[in-house]
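See below for the structure under consideration.
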Amino acid sequence: MAPDQTPLVEMRNIFVSFGGVHAVEDATVDLYPGEVVGLVGGNGAGKSTMMKVLSGAYRPDSGEIYVDGKLATIHNPRDAKALGIETIYQTLALADNVDAPANLFLGREILTRWGTLDDIAMEAATRKVMGRLNPLFKGFKTPVKALSGGQRQTVAIARAIHFNARILIMDEPTAALGPAETAQVRDLIKQLKKEGIGIFLISHEIRDVFDLADRITVMKTARMVGTVNKDDVNEDEVLGMIIGGTLPKTAPVTNAYVEAHP
Amino acid sequence: MVEAATAQQRRDARFGFFQTFMRATEIDTRLLGMIIALAVIWVGFHFQSGGVFLTPRNLWNLSVQTSTVAVMATGMVLVIVSRNIDLSVGSLMGFLGMVMGAVQARFIPLPEYLGLGFDQPYTWIVTLAVGMALGAAIGALHGTIIAFFEIPAFIVTLGGLLIWRGAAWWVASGQTIAPLDSTFQLLGGGAHGSIGATMSWIVGGLICVGIIATIISGRSQRRRFQFPLRPLWAEFVLVGVGCAAVLGAVAVVNSYPWPVGIARRYAEANNIPWPEGGLIIPTGIAIPVLIAIGVAMVMTFIANRTRFGRYVFALGGNPEAAELGGINTRWVIVKIFIVMGILCAISAAIATARLNASTNALGVLTELYVIAAAVIGGSSFAGGIGTVPGAILGALIMQSLQSGMVLMRIDAPMQNIVVGIVLVLAVGLDTIYRRRAT
């Protein structure tokens with residue numbers, strides 16, 4: 001990344017605790033336009049919590065978030081969406097009992113000039129965006145409960161990209177998918193990257209992260225282990241960071257936590 | 001597009017006539033099942049009761065009796081869809097009925113209060129406005145406690161059930177307030193509280209025009225975005241069946257004449273000579289039924305066509321998803337209970353007007369009938385599922401059972417047993433049906 005560029009997002013010194021347990025302790029990450037940052041770590045490392053702070057689902061105890069270099073206030077998911085931050089949650093966060101268009105536009109419905117729901121326009125827009133992601137998709141009128149795992153995932157992805165996201169958070173986007181659909185999601189990530197969208201990718205699959213990410217940020221027990229350029233490290237070194245918290249011997253590592261707590 | 005159409009036809013050919021018909025008309029199979037169940041109940045009671053069930057008089061009475069529960073059941077759908085419950089509606093109805101009685105028969109007319117005299121032209125509307133405003137305020141209170149203090153709706157409204165029943169007593173220290181304002185009484189139906197033959201035909205005609213307009217606008221909307229259209233014959237079937245049902249219902253209530261006593265008094269008051277075969281004045285649609293129809297249309301619109309309605313369903317389906325979608329779920333819940341409170345006031349007005357008296361026992365156990373109507377009508381306590389027309393049909397089924405058993409002279413304890421069994425059976429069948437469907 002060009003060092004003179006302003007980061008799309010900077011999360012600085014984020015603290016989150018739930019009833020005295022620290023879920024995130026003084027974590028700092030940044031993301032540049034057209035970049036994929038892989039966020040990895042074991043269960044309970046704090047990566048999902050960190051991203052939920054950015055998407056407005058959790059409010060941090062302290063810390064700052066900068067979007068385009070400006071201090072941003074994100075109190076709820078609406079604030080985040082207004083800043084162009086979209087999230088694909090691991091649980092997908094779909095309302096199972098309503099159809100794909102209703103889910104796509106949940107909270108951002110298209111209204112007619114009389115202020116009523118314009119279901120037809122929403123269905124048309126849904127057909128358009130779904131056509132791009134999955135041309136075979138047909139269940140526009142069925143509750144999403146009746147769709148397959150892959151189709152549901154596509155609905156969740158469609159919801160995130162339809163509203164011109166600039167920052168995309170993907171929490172385990174391929175966990176529920178078969179090989180063909182996984183390949184599709186990978187292609188999509190590469191395409192979105194070309195469009196200049198910044199992507200935080202949370203994944204258990206080290207292979208996925210190596211394939212897609214430009215930089216890799218490792219968290220362990222609520223703290224940052226460090227951030228490395230993908231090209232500087234191999235898989236074993238990253239695994240060492242995840243499991244043992246040991247830093248690679250040769251690759252340069254940035255770590256605000258270590259710098260702040262010598 | 002052409003290939004898709006032929007594929008569709010090939011698939012249709014494999015299914016029988018029934019599936020083709022259901023797919024083309026897009027009729028909800030559940031709703032159709034309920035209509036069939038209702039038809040079976042009606043025909044069964046007709047023969048069991050010696051031919052008195054399917055008479056204009058009984059059906060007219062049935063329509064009036066159903067309206068109180070039907071009005072509240074439409075609101076209960078939203079409450080249940082959002083994974084809540086409201087046990088207080090019967091008590092709240094009793095309390096609001098007492099307040100509305102006190103406003104119209106004491107507070108407005110009596111000299112020790114406002115002293116404006118009885119039977120003023122504005123009395124009924126002021127009374128109704130006070131009732132609805134108070135209902136909305138109490139609903140807002142319930143909703144706020146449930147949404148913001150996160151006390152379960154079951155507990156809050158169980159408290160409400162006790163509190164508002166007690167409050168109903170306090171309004172007039174347990175006295176019954178009667179008689180009520182002469183205009184207000186019309187809200188309860190009866191010969192005078194019905195709109196007569198001509199107006200009934202006009203209302204029926206307007207509803208038919210509405211049905212046709214809905215179908216046409218739906219068709220042109222779908223064409224605008226080049227979506228597949230329903231086959232033309234299916235549209236005609238829908239219009240035909242809908243209009244026939246509406247006009248048939250009007251014909252039935254119009255063939256119910258005023259009771260002889262009322263007609264005779266009317267003839268005497270207007271100096272009409274009493275004819276040989278008696279004076280036949282068609283009753284027509286009762287005003288409470290008209291109110292219930294209006295409420296049903298408004299509530300269907302709210303549930304299906306507004307953002308609020310969409311949020312109620314989304315929040316019932318997955319509260320977390322609704323929250324992450326940026327929906328202010330707490331405020332949605334407060335609004336649901338406000339709507340419920342207003343509907344309680346409307347039902348209270350109908351019920352007190354029909355009795356021509358406000359009593360503090362009004363609406364005892366009604367909450368259970370309202371909940372049963374919504375649940376028989378397909379609302380699921382798991383949340384996210386329910387329809388307003390279903391709840392109306394549910395109310396009609398409950399009332400038909402009760403009315404039919406009265407006609408068959410089945411005693412009250414047995415009636416309760418039957419209604420209880422039907423409730424469990426209906427929900428049981430529905431659960432099995434849903435498990436198969438998915």
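The values are calculated or read from the model by the stated rules, or taken from the named source; none is laboratory data. Everything quoted here is computed from the prediction, not taken from an experiment. For neighbour counting, all protein chains shown are included, and Cβ atoms are generated from backbone atoms with ideal geometry for every residue, glycine included. These area figures cover heavy atoms from the full protein model, side chains too; ligands, DNA and RNA do not enter into them. Shrake-Rupley method; radii C 1.70, N 1.55, O 1.52, S 1.80 Å.
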Seminar exercise, completed: Of the conditions (1) more than 28 Å from B:Ile327 (Cα to Cα); (2) buried (at least 16 other Cβ atoms within 10 Å of the Cβ); (3) in contact with an Asp or Glu (Cβ under 7 Å, 6 or more places away or on another chain), the single one that A:Met51 does not satisfy is (1)
Exercise. Where in the stretch B:309-379 are there helices (runs of 4 or more DSSP H), lying wholly inside it, with at least 3 residues that are more than 14 Å from chain A (Cβ to nearest Cβ) and at pLDDT below 95?
Worked result: B:366-376
Exercise. What residue, among those in the stretch A:192-246 that are touching a strand residue (DSSP E or B) at 6+ places or on another chain (Cβ under 7 Å) and of a type in the set (S, T, N, Q), is surrounded by the most Cβ atoms within 10 Å (Cβ to Cβ)?
Worked result: A:Thr217
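Considering A:Ala57, A:Ala80, which residue is in a loop (DSSP other than H, G, I, E, B), under 14 Å from the mean Cα position of the chain (by Cα), within 14 Å of chain B (Cβ to nearest Cβ) and of a type in the set (A, V, I, L, M, F, W, C)?
Working: A:Ala80 fails: in a loop (DSSP other than H, G, I, E, B).
The conditions single out A:Ala57.
Looking for something under 30 Å from B:Gln104 (Cα atoms), open to solvent by 10 Å² or more (accessible area, probe 1.4 Å), under 18 Å from the mean Cα position of the chain (by Cα) and in contact (Cβ under 8 Å) with a residue 40 or more places away in the chain - is there at least one such residue anywhere in the stretch B:393-408? Write out each step before concluding.
Initially, the stretch B:393-408 is screened for residues under 30 Å from B:Gln104 (Cα atoms), giving B:395, B:399.
Among the residues that remain, those that are also open to solvent by 10 Å² or more (accessible area, probe 1.4 Å) are: B:399.
If we keep only those that are under 18 Å from the mean Cα position of the chain (by Cα) as well, we get B:399.
Going one step further and asking which of them are in contact (Cβ under 8 Å) with a residue 40 or more places away in the chain, we end up with B:399.
Yes; the residues of the stretch B:393-408 include at least one that is under 30 Å from B:Gln104 (Cα atoms), open to solvent by 10 Å² or more (accessible area, probe 1.4 Å), under 18 Å from the mean Cα position of the chain (by Cα) and in contact (Cβ under 8 Å) with a residue 40 or more places away in the chain.
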Seminar exercise, completed: Within the stretch A:2-43, the residues that are on the phi > 0 side of the Ramachandran plot and assigned to a loop (DSSP other than H, G, I, E, B) are A:Gly19, A:Gly20, A:Gly34, A:Gly41
Exercise. If you go through the stretch A:24-44 one residue at a time, do you hit one that is touching a Gly at 6+ places or on another chain (Cβ under 7 Å), among the hydroxyl-bearing types (Ser, Thr, Tyr) and assigned by TED's automatic domain parsing to the domain that holds A:Thr73?
Worked result: yes
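Residue by residue, here is whether (1) open to solvent by 10 Å² or more (accessible area, probe 1.4 Å); (2) part of a helix (DSSP H, G or I) holds:
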| site | (1), (2) |
| --- | --- |
| B:Leu114 | yes, no |
| B:Phe118 | yes, no |
| B:Val126 | yes, yes |
| B:Gly131 | no, yes |
| B:Gly139 | no, yes |
For this session: Scan the stretch A:100-128 and report the pairs whose first residue is farther than 21 Å from A:Ile157 by Cα and of a type in the set (Asp, Glu) and whose second residue is open to solvent by 30 Å² or more (accessible area, probe 1.4 Å) and assigned to a loop (DSSP other than H, G, I, E, B), with Cβ atoms within less than 9 Å and a gap of 6+ or a chain change.
Result: A:Asp118/A:Ile110; A:Asp118/A:Thr112
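Quick check on my filter: what residues within the stretch A:201-217 are touching a Lys or Arg at 6+ places or on another chain (Cβ under 9 Å) and either within 16 Å of A:Tyr89 (Cα to Cα) or outside any loop (DSSP other than H, G, I, E, B) (or both)? Walk me through it before giving the result.
From the stretch A:201-217, those touching a Lys or Arg at 6+ places or on another chain (Cβ under 9 Å) are A:202, A:208-217; that's our starting set.
A:Ile202, A:Asp208, A:Val209, A:Phe210, A:Asp211, A:Leu212, A:Arg215, A:Ile216, A:Thr217 - these are the residues of the stretch A:201-217 that are touching a Lys or Arg at 6+ places or on another chain (Cβ under 9 Å) and either within 16 Å of A:Tyr89 (Cα to Cα) or outside any loop (DSSP other than H, G, I, E, B) (or both).
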Problem set entry | Scope the stretch B:413-438; condition modelled with pLDDT under 90, loosely packed, with under 12 Cβ neighbours inside 10 Å and farther than 30 Å from A:Ala146 by Cα; matching residues | none
For this session: Would you mind finding the one in B:Glu276, B:Glu367, B:Glu320 that is over 21 Å from B:Ile151 (Cα atoms) and of a type in the set (Asp, Glu)?
Result: B:Glu276
For this session: Would you check which residues across the stretch B:263-307 are open to solvent by less than 30 Å² (accessible area, probe 1.4 Å) and within 14 Å of chain A (Cβ to nearest Cβ) and list them?
Result: B:Ala303, B:Thr306
For this session: Go over the candidates A:Thr174, A:Thr116 one by one and state the one that is within 23 Å of B:Leu324 (Cα to Cα), modelled with pLDDT under 90 and of a type in the set (Val, Ile, Thr).
Result: A:Thr174
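When you look at B:Val69, is it over 17 Å from B:Val375 (Cβ atoms) and either open to solvent by 10 Å² or more (accessible area, probe 1.4 Å) or assigned to a loop (DSSP other than H, G, I, E, B) (or both), yes or no? I'd like the intermediate steps shown before the answer.
Numbers: over 17 Å from B:Val375 (Cβ atoms): no; either open to solvent by 10 Å² or more (accessible area, probe 1.4 Å) or assigned to a loop (DSSP other than H, G, I, E, B) (or both): yes.
Criteria not met by B:Val69.
Would you call B:Ile327 touching a residue at least 60 places away in the same chain (Cβ under 8 Å), out of contact with any Asp or Glu (no Cβ under 7 Å at 6 or more places or on another chain), surrounded by 15 or more Cβ atoms within 10 Å (Cβ to Cβ) and not basic (Lys, Arg)? Show your work before the answer.
Details: touching a residue at least 60 places away in the same chain (Cβ under 8 Å): no; out of contact with any Asp or Glu (no Cβ under 7 Å at 6 or more places or on another chain): yes; surrounded by 15 or more Cβ atoms within 10 Å (Cβ to Cβ): yes; not basic (Lys, Arg): yes.
Spelling it out, it is not the case that B:Ile327 is touching a residue at least 60 places away in the same chain (Cβ under 8 Å), out of contact with any Asp or Glu (no Cβ under 7 Å at 6 or more places or on another chain), surrounded by 15 or more Cβ atoms within 10 Å (Cβ to Cβ) and not basic (Lys, Arg).
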For this session: Kindly provide the set of residues from the stretch A:174-189 that are among the hydrophobic types (A, V, I, L, M, F, W, C) and not in a helix (DSSP H, G or I), ordered by number.
Result: A:Ala175, A:Ala176, A:Leu177
For this session: Taking A:Lys47 as meeting all but one of (1) on the phi < 0 side of the Ramachandran plot; (2) touching a Gly at 6+ places or on another chain (Cβ under 7 Å); (3) within 14 Å of chain B (Cβ to nearest Cβ), write down the number of the exception.
Result: (3)
Exercise. If you scan the stretch B:190-232, which residues turn out to be within 14 Å of chain A (Cβ to nearest Cβ), touching a residue at least 24 places away in the same chain (Cβ under 8 Å) and in a helix (DSSP H, G or I)?
Worked result: none
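Just to check your reading of the model, which residue among A:Thr73, A:Thr91, A:Thr87 is open to solvent by 50 Å² or more (accessible area, probe 1.4 Å) and within 13 Å of chain B (Cβ to nearest Cβ)? Outline the logic, then answer.
Working: A:Thr73 fails: within 13 Å of chain B (Cβ to nearest Cβ); A:Thr87 fails: open to solvent by 50 Å² or more (accessible area, probe 1.4 Å).
The conditions single out A:Thr91.
So which residues in the stretch B:193-219 are out of contact with any Lys or Arg (no Cβ under 9 Å at 6 or more places or on another chain) and within 28 Å of B:Leu134 (Cα to Cα)? It would help to see each step written out before you state the result.
Step one: of the stretch B:193-219, the residues out of contact with any Lys or Arg (no Cβ under 9 Å at 6 or more places or on another chain) are B:194-214, B:216-217.
Selection gives B:Ser194 alone.
Are any of the residues in the stretch A:33-43 open to solvent by 40 Å² or more (accessible area, probe 1.4 Å) and closer than 29 Å to A:Lys194 by Cα?
Checked against the condition, which is being open to solvent by 40 Å² or more (accessible area, probe 1.4 Å) and closer than 29 Å to A:Lys194 by Cα, the stretch A:33-43 yields at least one hit.
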Exercise. So which residues in the stretch A:130-150 are buried (at least 21 other Cβ atoms within 10 Å of the Cβ) and free of Cβ contacts under 8 Å to residues at least 40 places away in the same chain?
Worked result: A:Met130
